[in-house]
Amino acid sequence: MKLMILDGNSILNRAYYGIRPLSTRDGLCTNAVYGFLNILQKLEGEERPDALCVAFDLKAPTFRHLKYDGYKATRHPMPEELAMQLPIMKDVLRSMRIPIYECEGWEADDILGTVGRRCAENGWDCVIVTGDRDSLQLVSGRVSVRLVCTRAGQTVETLYDESAFRTEYGFAPKRLVDLKSLMGDSSDNIPGVPGVGQKTANELLLKFGSLDGIYENLTGGELRESVRKKLEAGRESAVMSYDLATIRTDVPIDFSPEDSRRQGPDKAALLALFRRLEFTRLIERYGLLCPDGAAGCLVPAETARGALAALPKIGTPCAVAADAAFATIALATADGTIAVPLEENRAYFEKLFADGTNKACADLKTLYHTLYDHGLPAGGFAFDVSLAAYLLSPADGDYTLGKLAQQYLGRELPGDDPAAAADAVFGLWRPLADKLAEQGMKNLNETVELPLCRVLAQMEHEGIAVDQMALRAFGRMLSERAAADEKLIYELAGEEFNINSTQQLGHILFERLGLPPVKKTKTGYSTNADVLEKLKSRHPVIPAILDYRTLTKLSSTYAEGLVKVIAGDGRIHTTFQNMVTSTGRLSSTDPNLQNIPVRTELGSEIRKMFVPRDGYVLVDADYSQIELRVLAHIAGDQTMQQAFRSGEDIHRVTASQVFGVPLEAVTPQMRRNAKAVNFGIVYGISEFSLADDIGVSRKEAGAYINSYLEKYSGVREYMRRTVEQAKKDGFVTTLFGRRRYLPELASSNFNVRSFGERCAMNTPIQGTAADIIKLAMLRVSDALGKEHPKAKLLLQVHDELIVECPQGEEKAVMALVKREMEQVMPLDAPLEADAKCGGSWYEAK
């Protein structure tokens, strides 16, 4: 389950400055409300949350104002034109039945933090939408932040999970507070340490890890004297700034994720508000003139060129669109547009959709599902305007037809009008196709992305079987073990308490039981996993707590979460998102089957629950170190290529190269360290991150990186050359021509620019690997259809493909999948795939 919460004041403020001034005839300003609703509709379409709510600030002073008189003292008051829209915005949200959360004495940021924490505790994912970077400190395993900015009148969004944050900043999200405590925050008038700016603060954090770490090394001789003096003089200010910058997660609000589940609006109230605000187009878009319960209302297609007298001949270039119920289908050609009922013309549409040429649409993968649902053939299409727009601008995030019509054709589409939609698709077809050809992506579109839509739709439609009884039994076992852990923890602690509360757990461990505090933050004792691991041998309660955390997470996220999404056919049908990532990789949602645990024995048990249908087995094949092989090929590094061609373990070979020892002298620790460098180097891993990953000093980590780049000089030259070319072009490409634009490279901000450089180095590698896997999916699916028609491709999990095939055919299918995956394209470091089979995903893996 996923909840999305919006930072109301922040998003309204950005909408106000991002939309041209609008007002009603009687002078009421409306641009902020209009912009907010546009942003909200876009977000709902992309995130598809199960629950939605909005947090707002109140005028009353907060606890931060009481602690520090200067807090936000430099803020300009809200413009009157914006202030008048705030109560209206809340009325609109209430009419849409979207819950609003406010709390006197607390900021909206604290509500966001509290909602995120409670979602995670209840096994929900939480997406926080805000324009304030302060909220990035809330990013965690279940909490992501979608940062909304306005640039040159355009709304730009960036999604931050833990990986994206660490890639940009170089440290963990929670350390953003430490950064603010040093450099301060002019927008909130948080002082920080006088004289310490962002660059110095960032360097200090990367070197010492935290504010505590910096002050613990104040007299160690590792700091420049000028910086040391500033830090010493500003210690009190830093501590206060840390407290001011820390977002709280314990606001006393009556909140449960279930209370915010999506529901339909109060149409009468919303229609009255929209009429008052003169939002004519939004009245159409929200279908507010329809009778209650109707699927939608057809309105005249004002943008259609003309009406065709008859259905076009099969094979005539045409664009296809339909109403929401797929009851009326419209076709647009060079001569005009026609819209007719499906059932009265079924014979025609069966021929049209069976034909594999000269048709265009928007969002082909979704259309294929609709065709399956209505018993129509799913033939090929010549063009998908949504997919083309994604290839041309993979960071936009919105490829709905309405957005594309506005962006490329300068027109707004009316409500559920298939004729206008078909006409827009036809109008987009040629210009987008021309742009793809100009940018060298015509072949990528026609040979990879378009045909893959049908394969993905078939995989989603097929789903994968789940042993529901075993999953429920597994969940009960986890709950019983967690309950036993809970009882043991209480016995060892001498009292009952909230194990999930950091403050209460800290009190038990470090005050009641007297354990040595490994790390103390400004808000209390740290009880994170790293701290508990260091204390594991000090008291029997620690292993019990670690086990309890593992069990409860597995129970809520997987044992309970997966049961909820098992369909009536006993299978789980994930959705493969093919228009989301900037690198071209597929992602999996509702549920995310690309995130099933594999690193722990208990976590990997989840894969035992994924099984084949009766009389079938699962075949699992995955690429061996595909990104490193792509790197060796693109970089032209002879040493690395030879390592792969020799058939030796690449990590052992790298260890031998980096540490200057014979292969037979490579120790397991050397190999582990070499593996970390191998996989981290192309992501631009820093000395600090590598040191943290493998448990060595920054100096040793730096020596490993330098030695690696000396031995693999082709990789070093590739990194230099790629970044240099990307700065000239503004983009990078994969071997298949896929582009990723990198405006970050031109930023004056060091962190943003560094992020762009890391993306420039990584995208050609990760993107090419993604393209190869997509081609492999096409080849495997096609070959199975010809040679083993009862076998079906079910899942793609990064570098891994899972096929369901009849018992007795598994050896032939394993050989087929391995063959097709390895022969996708010739590389100087040849592709290698391993295939196994079994009675469950676990056995096949």
When you go through 28, 40 one by one, which is the residue that is surrounded by fewer than 23 Cβ atoms within 10 Å (Cβ to Cβ) and over 28 Å from residue 119 (Cβ atoms)? 28
Candidate set from region 516-532 (those that are part of a helix (DSSP H, G or I) and within 13 Å of residue 505 (Cα to Cα)); member that is modelled with the lowest pLDDT: 529
Identify, by number, the condition in (1) within 30 Å of residue 816 (Cβ to Cβ); (2) of a type outside the set (S, T, N, Q); (3) in the same structural domain as residue 679 (by TED's automatic domain parsing) that residue 723 doesn't meet. (1)
In region 597-624, what residues are surrounded by 22 or more Cβ atoms within 10 Å (Cβ to Cβ) and either out of contact with any strand residue (DSSP E or B) (no Cβ under 8 Å at 6 or more places or on another chain) or not aromatic (Phe, Trp, Tyr) (or both)? 609, 611, 612, 617, 618, 619, 620, 621
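Against the definition (among the small types (Gly, Ala, Ser) and over 30 Å from residue 67 (Cβ atoms)), how does residue 264 come out, yes or no?
Yes: the conditions hold for residue 264.
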Tell me, which helices (runs of 4 or more DSSP H) lie completely within region 34-130 with 2 or more residues that are among the acidic types (Asp, Glu)? 80-83, 108-121
Among residues of region 777-816, those that are aliphatic (A, V, I, L, M), within 19 Å of residue 593 (Cα to Cα) and either out of contact with any strand residue (DSSP E or B) (no Cβ under 7 Å at 6 or more places or on another chain) or not assigned by TED's automatic domain parsing to the domain that holds residue 587 (or both), counted: 1
Looking only at region 797-845, count every residue that is part of a loop (DSSP other than H, G, I, E, B) and more than 23 Å from residue 650 (Cα to Cα) and tell me the total. 5
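Name the residues in region 651-662 that are farther than 13 Å from residue 715 by Cβ and surrounded by 13 or more Cβ atoms within 10 Å (Cβ to Cβ), would you?
Quick first cut of region 651-662, residues farther than 13 Å from residue 715 by Cβ only: 651-653, 655-656, 659-662.
Matches in region 651-662: 651, 652, 653, 655, 656, 659, 661.
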Quickly run through region 410-446 and pick out the residues that are among the basic types (Lys, Arg) and within 16 Å of residue 336 (Cα to Cα). 430
Subset of region 83-101 that is in contact with a strand residue (DSSP E or B) (Cβ under 7 Å, 6 or more places away or on another chain), among the hydrophobic types (A, V, I, L, M, F, W, C) and under 20 Å from residue 128 (Cα atoms) - its residue that is surrounded by the fewest Cβ atoms within 10 Å (Cβ to Cβ): 100
Number of the condition not met by residue 192 [criteria: (1) among the small types (Gly, Ala, Ser); (2) in a loop (DSSP other than H, G, I, E, B); (3) within 21 Å of residue 519 (Cβ to Cβ)]: (3)
For region 554-579, what are the residues that are in a loop (DSSP other than H, G, I, E, B) and either without any contact (Cβ under 8 Å) to a residue 12 or more places away in the chain or hydroxyl-bearing (Ser, Thr, Tyr) (or both)? 568, 574
Failed item, numbered, when residue 752 is tested on (1) surrounded by 22 or more Cβ atoms within 10 Å (Cβ to Cβ); (2) in contact (Cβ under 8 Å) with a residue 60 or more places away in the chain; (3) closer than 30 Å to residue 202 by Cα; (4) among the aliphatic types (A, V, I, L, M): (1)
Taking region 379-423 and keeping only residues that are among the charged types (D, E, K, R) and more than 22 Å from residue 581 (Cβ to Cβ), one is left with 411, 412, 416, 417, 423
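Mind telling me which of the residues 166, 235, 228, 224 ends up being touching a Phe, Trp or Tyr at 6+ places or on another chain (Cβ under 9 Å) and among the basic types (Lys, Arg)?
235
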Of the residues in region 205-225 that are assigned to a helix (DSSP H, G or I) and touching a residue at least 24 places away in the same chain (Cβ under 8 Å), the one that is nearest to residue 689 (Cα to Cα) is 206
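Considering only residues of region 663-686 that are touching a residue at least 40 places away in the same chain (Cβ under 8 Å) and among the hydrophobic types (A, V, I, L, M, F, W, C), which is surrounded by the most Cβ atoms within 10 Å (Cβ to Cβ)?
Taking the candidates together, the pick is 682.
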Breaking point among (1) in contact with a helix residue (DSSP H, G or I) (Cβ under 7 Å, 6 or more places away or on another chain); (2) at pLDDT below 85; (3) more than 23 Å from residue 202 (Cβ to Cβ), for residue 679: (1)
For region 322-333, give me each residue that is farther than 14 Å from residue 413 by Cβ and in contact (Cβ under 8 Å) with a residue 40 or more places away in the chain. 326, 328, 329, 331, 333
Go through (1) without any contact (Cβ under 8 Å) to a residue 24 or more places away in the chain; (2) outside the structural domain of residue 10 (by TED's automatic domain parsing); (3) out of contact with any Gly (no Cβ under 6 Å at 6 or more places or on another chain) one by one and return the number of the condition residue 177 breaks. (1)
I'd like to verify a number: residues in region 1-30 that are of a type outside the set (Phe, Trp, Tyr) and either closer than 24 Å to residue 133 by Cβ or in a strand (DSSP E or B) (or both), how many? 18
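So which residues in region 552-569 are farther than 26 Å from residue 481 by Cα and either among the charged types (D, E, K, R) or surrounded by 14 or more Cβ atoms within 10 Å (Cβ to Cβ) (or both)?
Result: 569, single match.
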Pairs needed: first member in region 759-772, farther than 15 Å from residue 742 by Cα; second member anywhere, among the charged types (D, E, K, R) and surrounded by fewer than 24 Cβ atoms within 10 Å (Cβ to Cβ); C-beta distance under 6 Å; at least 6 residues apart or different chains. 765/627; 769/627; 770/585
Under 6 Å between Cβ atoms, at least 6 apart or on separate chains: pull out the pairs that start in region 476-498 with a residue that is within 26 Å of residue 561 (Cβ to Cβ) and end on any residue that is outside any loop (DSSP other than H, G, I, E, B) and not hydrophobic (A, V, I, L, M, F, W, C). 478/555; 479/555; 482/548; 482/552; 485/547; 485/548; 498/504
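The values are calculated or read from the model by the stated rules, or taken from the named source; none is laboratory data. Keep in mind it's a predicted model, so treat the numbers as computed, not measured. Ideal geometry is used to build each Cβ from the backbone, glycine not excepted, and the neighbour counts take in all protein chains shown.
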